[in-house]
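Contents: one structure, followed by commentary.
The values are calculated or read from the model by the stated rules, or taken from the named source; none is laboratory data. The structure presented is a predicted model; accordingly, all values stated were derived computationally and were not measured. Virtual Cβ from ideal backbone geometry, glycine too; neighbours counted across all protein chains shown. Note: accessible area is taken over every heavy atom of the protein model, side chains too, but ligands, DNA and RNA are not part of it. Shrake-Rupley method; radii C 1.70, N 1.55, O 1.52, S 1.80 Å.
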Amino acid sequence: MTKLFTSLQLYVNELVQEFDQIPAKRKGLLLHLTYYIQSCINQRKEVALTFICTHNSRRSHLSQIWAQTAACYYAVLNVSTYSGGTEATAFNPRAVKAIKKAGFQVEAEDDTDNPVYLVRFAADQTPIKAFSKIYDQGGNPVRHFGAVMTCTHADENCPYIPEATRISLPFDDPKAFDDTPLEETKYEERTRQIGREIFFAFSLVKVSE
């Protein structure tokens with residue numbers, strides 16, 4: 001099992017204890033993700049997951065980061081996670097702040113309008129490169145991957161991807177609370193929810209001994 005950064009490990013310990021907070025309907029949606037991962041493993045195929053929301057600024061990044069972390073935590077091998085949008089903007093700094101508070105180590109490689117962030121969850125793991133992009137931009141898989149739709153708008157407007165397995169897993173957008181007194185609380189809530197649910201989905205995957 002990968003040794004997470006200490007503060008992140010404490011956070012994850014709490015997430016695992018919160019699985020019973022996930023409503024039955026949500027667990028049903030999450031099982032689609034579990035089944036896809038399990039199917040790839042059973043067929044000895046690489047598990048490629050692209051998390052997609054409209055602007056690739058909040059929910060898709062949070063989902064990608066938590067999924068890669070969960071894969072390492074549960075020793076689900078050969079998992080690669082990606083994110084993208086139907087358009088590109090930037091990884092929102094409010095979401096960046098929320099993952100830092102959860103215990104991830106985050107470093108900006110540049111100060112452009114769409115900076116590349118290096119997100120680390122363990123000292124011995126390659127950092128995740130997080131920046132906003134179109135879902136099929138170079139570097140992201142174009143076939144044989146799970147296209148996980150993290151918002152309903154993207155699910156309705158993302159073109160049909162013939163060689164991908166589409167999985168609907170929408171989350172409410174914390175953007176609705178930007179510049180309000182509830183902003184920080186809602187970003188932290190969404191970060192925690194996504195972490196809890198992604199970890200639940202990975203916890204059900206059966207791996208070879």
Accessible surface of the chain, 1.4 Å probe, proportion on carbon and sulfur as whole %:
50
Per DSSP loop assignment and a cutoff of at most 16 other beta carbons within 10 Å, the chain keeps its longest run without exposed trypsin sites (Lys or Arg not before Pro) at 46-142
In the stretch 120-205, which chymotrypsin sites (Phe, Trp or Tyr not before Pro) are in a loop and have at most 13 other Cβ atoms within 10 Å, using DSSP for the loop call?
Tyr160
Accessible area (Å², per residue) of the chain, counting only protein heavy atoms and a probe of 1.4 Å:
49
Taking a cut-off of 17 Å between Cα atoms, list the lysines near Lys175, but don't count ones fewer than 8 places away on the same chain.
Lys97, Lys186
Can you find, among Phe19, Trp66, Thr112, the residue farthest towards the positive end of the dipole of the chain? Put +1 on the C-beta of Lys and Arg, -1 on that of Asp and Glu.
Phe19
Placing +1 at every Lys and Arg Cβ and -1 at every Asp and Glu Cβ, with all other atoms neutral, what dipole size does the stretch 53-160 have around its Cα centre, in debye to the nearest 20?
340
Treating cross-link reach as a plain straight distance, find the lysines whose alpha-carbon is under 28 Å from the alpha-carbon of Lys45, omitting any fewer than eight places away in the same chain.
Lys3, Lys27, Lys129, Lys133, Lys206
May I ask you to evaluate 6.51 cos²θ - 1.76 cosθ + 1.60, the Karplus curve with θ = phi - 60°, for each residue of the stretch 104-109 and list the ³J(HN,Hα) values in order in whole Hz, giving x for glycine and proline?
6, 9, 10, 9, 7, 7
Taking amide H positions as placed in the peptide plane 1.01 Å from N, state which residues far from Gly146 in sequence (5 or more) or on other chains have amide H under 5 Å from it.
Ala48, Leu49, Thr50, Thr165
Taking the Cα-to-Cβ direction at Glu18 and at Lys3 and moving 7 Å from each Cα, how far apart do the two end points lie in nm?
2.6
